[in-house]
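Okay, so here's the structure we're looking at.
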Amino acid sequence: MTNSETEQNSPALDQAARELQAAQHDARVAFDCIALGDLDRAHTHALTARVEVDAAVTALVAALTEAG
């Protein structure tokens, strides 16, 4: 989602979109680190992606609460 796609939505949806974009990036970095054999760094990025996904879920719950 781009900013223009979420500008009419709630701030919580904007936050969820940002968190999911960050999670996507960290998941890709973790994947690449595994391919390079850097398992410690892969682990760090995988955990970061998980936290970002959890934050996105929290933001979506907030958006659903706002909606009604």
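The values are calculated or read from the model by the stated rules, or taken from the named source; none is laboratory data. On a predicted model such as this, the values are computed, not experimentally measured, just so you know. All Cβ positions, glycine included, derive from the backbone under ideal geometry; neighbour counts span all protein chains shown. The protein model used for the area step is the full one, side chains on, heavy atoms only, and it has no ligands, DNA or RNA in it. Shrake-Rupley method; radii C 1.70, N 1.55, O 1.52, S 1.80 Å.
Restricting attention to the range 8-35, and to residues there that are open to solvent by less than 30 Å² (accessible area, probe 1.4 Å) and free of Cβ contacts under 8 Å to residues at least 40 places away in the same chain, which single residue is farthest from ALA46 (Cα to Cα)?
ALA17
What's the total number of residues in the range 31-68 that are modelled with pLDDT under 95 and among the basic types (Lys, Arg)?
In the first step, residues of the range 31-68 are kept if they are modelled with pLDDT under 95; the result is 62-68.
Within this subset, residues satisfying the condition of being among the basic types (Lys, Arg) are none.
Qualifying residue count, the range 31-68: 0.
Go through (1) in a helix (DSSP H, G or I); (2) among the polar types (S, T, N, Q); (3) closer than 27 Å to LEU64 by Cβ one by one and return the number of the condition ASN9 breaks.
The failed condition is (1).
Taking the range 36-66 as the search range and keeping residues that are charged (D, E, K, R), free of Cβ contacts under 8 Å to residues at least 40 places away in the same chain and closer than 24 Å to GLN15 by Cα, which one is surrounded by the most Cβ atoms within 10 Å (Cβ to Cβ)?
Step by step, filter the range 36-66, then rank; the result is GLU52.
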